[in-house]
Every structure is written in C-alpha cells, then in structure tokens.
Amino acid sequence: MNKIPKNIQLTLEISWVKLYIYTHNNEGVLVMTFLFQNYQRKPIELVNGEGCNVTDQLGKQYLDLTSGIGVSSLGHHHPVLTKALKDQVDKIWHTSNLYTNSLQESVAEKLADNKDYVAFFCNSGTEANEAALKLAKKATGRNKVFSFQQSFHGRTYGAMSLTGQSSIQQGFGPMLDDVSYFPFNDIEEIAESLNHEVAAVIVELIQGESGIHVAYKGWIKELFKLCQKQGILFIVDEVQTGIGRTGTLFAYEQYDIEPDIITSAKALANGLPLGAMLGKTYLAASFGPGSHGSTFGGNPLALSVADKVLDLVKQPELMENVCQRSTQFFNGLKQISSKKIIDIRGKGLMIGIELSDSLVLASVMNTLEKQGLLTLKAGKNVLRLLPPLTISQEEVALALAILEKVLAG
Ligand SMILES: *Cc1c(COP(=O)(O)O)cnc(C)c1O
C-alpha cells in the first residue's frame, strides 16, 4: 500500500468500495453481477504481476504459490515471453489451420523432445483430452476407455465422462458409455478387466485436482506393459504435471515409459490459451485430413510464447531450480509441527499438504491470503502449492515462514 501515492490509493479504495457496494448485499454476499456464478471468486482482483509476486486492486502484494492454477509457471511478466508476444502481435494474430505454420512445427518438435511424437494443437486441457479420446477410438476401432477414481480430465462431455468424480458429472448425465473407473495405484482390479475391447487407459501421473496423489512408478510400469500387450493405448494426462512442473519436461520421463498419447495445456504458453495432444507417429494415419480440427488451435500468438516457454523450461538451470526449491519446500514443510497436517506429498513444485478437514483448509487459506500468500485447494482438504518454477530460495523461505506461522500448533 505504502508504495502508492495517497491520492491514488484513495481513488482505488473508493472504486473498490463502489464495486463492492454495487455487487454485495448487507451480509456481504455477492448479489448483483453480469456473470454466471459457476466460480467461487474471492473479492480481490489481481491487477499486476512480476515474477512470483502479484498485486491486487488495493495495492496489496502477494507471493503467488498458484501460478494461476499451474499456468503462469515461468512467473508473471517474464521479459522473454512478453517480448515474444509483443513481436508476434505486430506480425499476424491468426491464420487458421488452412496454411503452413512454422511456429507449430517448432513447438511440436520441442514437445516431442527427440522422441517419436507428432502434435495436434488446441486451446485447453479438456480439448486436448477430447482429441486423445477421439484418436484412441479411431486408431483402435474399440469403444471402451478405462480411467481412475478421483481423476480429473476436464469439463467437456468426453473429458467429463473420463473424470472419475461424480460431483463433476452431477446433473449433466448421461455420460459417455463405456467408461469405467478403477482404483488409483491398484493393479489387480484393472488387470482383470483389460481386454481387446479396451481402446485406451487414461491416467494422471499425479492426480492434481483431487488432492496431489502421486502414481507409484511400479504401478504405472506394470499397467503400461499390460496395455502394450493388448494393443491398448496408454494416455497420460499431463495437463497439470507437464512443462517442467515435476522437474522434467513431462512427468512420464520419470516413470520409464513412453506413452502412446500425452496431453498438455496449462503451463504450455504461460497464460495464453494453448493445448496440445502428442501421439506416437504410428497413430498419425488415424488423424488424416478432415478427421479433427480446431479453429483457434495453434494460434500464432499462443505459439510464439510456447516456443520460448519450451526453450526456457529445457534450460538445465531451471529444472535444477525446480528440484532444489522442491527439496527446500518438502524439508521445510516436514519441520512444521502441526496437528492440522495429515500428510505432505507431491513431486517437484507440485505440492499437496493434506489438512485435517475442509473447514481447517478454508480458514488456513484465508489467513495465508491475509498474510500475503496465495495458495490453492485440491480435493476436499488439501492445500495445494503450484508456485512458479522460477521461485527463488528467498521466496520459498518466506513462503515457509508464513506457512509455519499459520499452520503451527
Ligand atoms: C486443468 C486440467 C484439465 C482441464 O484443463 P482445461 O484447460 O481447464 O480444460 C485436464 N486435466 C488435468 C489433469 C488438469 O489438471
């Protein structure tokens, strides 16, 4: 607050008070807005960002441990990315997919990362999973798809049908036929059911939305092997785990597998809407001309940023930072003595702190926010941290000090 001149502070406060009075009733409940109320919004508006710091409409500063739900992974207002976008803005914004696109070629090559993958570009995670679902059905000529309990794959019909959480599907039925949900990290039940009618298995290597549940390496390797034996495509949904979040470009690299299909989005263009589906080259024949498409998919503005995001993420120093800050976080969190903490889990800078219940979580998140720390919820009672991968040692130390203060006891 004190950095802003007094007269401007007052204007900001008055405009905020006006907006608040306009939209809230006497009990402080939001009553008047032109928006659907499908999001539970906080009454703060983030108007500026620099690295891991964001500023709200009143000038209050926060350390951002959310990255906009794992999206702005290289921090806010990154100079290289801002320049790339500005340069592209002055060239051309949109060309459609009727023409050759060298930016798409470049980003696809960087995503393939010297492995045998080709890419399809879209605008979001759910759309990448829709593409994966369609490709898997077409390539195998089979119908059934296996997914996991508590998974999250998106909000459109296909991806929602793949999502193993009834709360997300409630009221929207019927879902796609032929989707079954198996227990996560459990081989027995799914192994019995895998057969030649199954087109694909889709899995998050760390379940993000439902509470940071890490897949066991042995389980994934076994599952992958069983799928390969029966010609079942193995799809990993890396929409949240990808683009350096867990310390490698994709999390699958740490599981000694090469999935048939990988989906990506969130951090891919650091905040511009971009999704991608990568498939093994042998699958390309099933997605020939006219089979699938997206008007905005692979838009030059988003691609100009993604091209630079991938260069930055592939720098060994950045992945080194993810690993060091991760260790710093996990060591620091483990030292907090608190009855509220049930479990601490995750990989890289994808961190979940399971708290005793959802009320405790809500109160902890509110207090953290007041103390200048923005955090996320996952599942019912998990405090989720997805800080920018560029976070410094000092910033992690500050975050840990605030977390300790709020969680201790
Ligand atoms: C966020 C997320 C999605 C959905 O992405 P959208 O861009 O919101 O459609 C899908 N899968 C996983 C694992 C996610 O975390």
(message) Quick check on D343: is it open to solvent by 50 Å² or more (accessible area, probe 1.4 Å) and in contact with an Asp or Glu (Cβ under 7 Å, 6 or more places away or on another chain)?
(response) yes
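In segment 306-317, what count of residues is obtained for those that are surrounded by fewer than 16 Cβ atoms within 10 Å (Cβ to Cβ) and part of a helix (DSSP H, G or I)? It would help to see each step written out before you state the result.
Filtering segment 306-317 down to residues surrounded by fewer than 16 Cβ atoms within 10 Å (Cβ to Cβ) leaves 311, 314-317.
Now restrict to residues that are part of a helix (DSSP H, G or I): 311, 316-317.
Counting residues in segment 306-317 that are surrounded by fewer than 16 Cβ atoms within 10 Å (Cβ to Cβ) and part of a helix (DSSP H, G or I) gives 3.
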(message) Filter segment 291-305 down to the residues that are among the hydroxyl-bearing types (S, T, Y), assigned to a loop (DSSP other than H, G, I, E, B) and open to solvent by less than 60 Å² (accessible area, probe 1.4 Å) and list them by number.
(response) S291, S294
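Tell me, please, whether a residue that is within 12 Å of the ligand (Cβ to nearest atom) and open to solvent by less than 60 Å² (accessible area, probe 1.4 Å) can be found in segment 195-203. Even if it seems obvious, please write down each step before you answer.
Kept after step one, since they are within 12 Å of the ligand (Cβ to nearest atom), are these residues of segment 195-203: 202-203.
Of the ones still in play, those that are also open to solvent by less than 60 Å² (accessible area, probe 1.4 Å) are 202-203.
Yes: one or more hits.
Does at least one position in segment 210-231 carry a residue that is of a type in the set (D, E), open to solvent by 10 Å² or more (accessible area, probe 1.4 Å), under 30 Å from R325 (Cα atoms) and touching a residue at least 24 places away in the same chain (Cβ under 8 Å)? Break it down into steps so the answer makes sense when it comes.
Quick first cut of segment 210-231, residues of a type in the set (D, E) only: 222.
From the residues that got through so far, the ones that are open to solvent by 10 Å² or more (accessible area, probe 1.4 Å) too are 222.
The next check asks that each one be under 30 Å from R325 (Cα atoms); those that pass are none.
Checked segment 210-231: no residue is of a type in the set (D, E), open to solvent by 10 Å² or more (accessible area, probe 1.4 Å), under 30 Å from R325 (Cα atoms) and touching a residue at least 24 places away in the same chain (Cβ under 8 Å).
Quick test for you: out of K314, K370, pick the one residue that is within 25 Å of T263 (Cα to Cα) and charged (D, E, K, R).
Criteria check complete, one pass: K314.
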(message) Against the condition at pLDDT 95 or above, open to solvent by 10 Å² or more (accessible area, probe 1.4 Å) and closer than 21 Å to K138 by Cβ, how does K280 come out, does it pass?
(response) yes
(request) Under 6 Å between Cβ atoms, at least 6 apart or on separate chains: pull out the pairs that start in segment 135-162 with a residue that is within 14 Å of M175 (Cβ to Cβ) and among the charged types (D, E, K, R) and end on any residue that is at pLDDT 95 or above and within 11 Å of the ligand (Cβ to nearest atom). (result) R155/T126
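Anything in segment 176-194 that is within 20 Å of R142 (Cβ to Cβ) and crowded, with 16+ Cβ neighbours inside 10 Å? List them, or say none.
Of all residues in segment 176-194, those within 20 Å of R142 (Cβ to Cβ) come to 176-182, 189-194.
Answer for segment 176-194, where residues must be within 20 Å of R142 (Cβ to Cβ) and crowded, with 16+ Cβ neighbours inside 10 Å: V179, Y181, F182, I190, L194.
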(message) Suppose we filter T248, T263, T241, T281 for residues that are within 16 Å of the ligand (Cβ to nearest atom) and over 21 Å from S180 (Cα atoms); which single one remains?
(response) T241
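Hey, any hits in segment 348-362 for a residue that's part of a strand (DSSP E or B) and within 30 Å of V118 (Cα to Cα)?
Start the filter on segment 348-362 by keeping residues that are part of a strand (DSSP E or B), which leaves 350-355.
From what's left, within 30 Å of V118 (Cα to Cα): 350.
Yes, some residue in segment 348-362 is part of a strand (DSSP E or B) and within 30 Å of V118 (Cα to Cα).
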(request) For V179, work out the one condition from (1) within 16 Å of the ligand (Cβ to nearest atom); (2) on the phi > 0 side of the Ramachandran plot it doesn't fulfil. (result) (2)
(request) With the condition kept exactly as written, say whether any residue in segment 150-162 is open to solvent by less than 40 Å² (accessible area, probe 1.4 Å) and at positive phi. (result) yes
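Looking at segment 127-145, which of its residues are buried (at least 24 other Cβ atoms within 10 Å of the Cβ), more than 11 Å from I261 (Cα to Cα) and touching a Ser or Thr at 6+ places or on another chain (Cβ under 7 Å)? Explain how you work it out, then say what you get.
First, pick out the residues of segment 127-145 that are buried (at least 24 other Cβ atoms within 10 Å of the Cβ): 127-133, 135-136, 145.
Imposing the further condition that a residue be more than 11 Å from I261 (Cα to Cα) reduces the set to 127, 130, 145.
Scanning segment 127-145 gives E127, E130.
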(request) Please determine, by comparing only the residues of segment 116-125 that are within 12 Å of the ligand (Cβ to nearest atom) and surrounded by fewer than 24 Cβ atoms within 10 Å (Cβ to Cβ), which one is nearest to the chain's Cα centre (by Cα). (result) S124
(message) Against the definition (more than 25 Å from E50 (Cα to Cα), open to solvent by 10 Å² or more (accessible area, probe 1.4 Å) and modelled with pLDDT of 95 or more), how does E238 come out, yes or no?
(response) no
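If you check G70 against the conditions, is it more than 16 Å from the ligand (Cβ to nearest atom), in contact (Cβ under 8 Å) with a residue 40 or more places away in the chain and surrounded by 18 or more Cβ atoms within 10 Å (Cβ to Cβ)? Before you say what the answer is, go through the steps one by one.
On the way: more than 16 Å from the ligand (Cβ to nearest atom): no; in contact (Cβ under 8 Å) with a residue 40 or more places away in the chain: yes; surrounded by 18 or more Cβ atoms within 10 Å (Cβ to Cβ): yes.
Considered against the rule, which asks whether it is more than 16 Å from the ligand (Cβ to nearest atom), in contact (Cβ under 8 Å) with a residue 40 or more places away in the chain and surrounded by 18 or more Cβ atoms within 10 Å (Cβ to Cβ), G70 comes out as no.
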(message) Looking at the structure I just gave you, is T11 at pLDDT 95 or above, surrounded by 10 or more Cβ atoms within 10 Å (Cβ to Cβ) and of a type in the set (S, T, N, Q)?
(response) no
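The values are calculated or read from the model by the stated rules, or taken from the named source; none is laboratory data. Because the structure is a prediction, the values reported are computed rather than measured. Counting neighbours? That spans all protein chains shown, and the Cβs are built from the backbone with ideal geometry, glycine included. Side chains included, ligands, DNA and RNA excluded: accessible areas come from the protein's heavy atoms. Shrake-Rupley method; radii C 1.70, N 1.55, O 1.52, S 1.80 Å.
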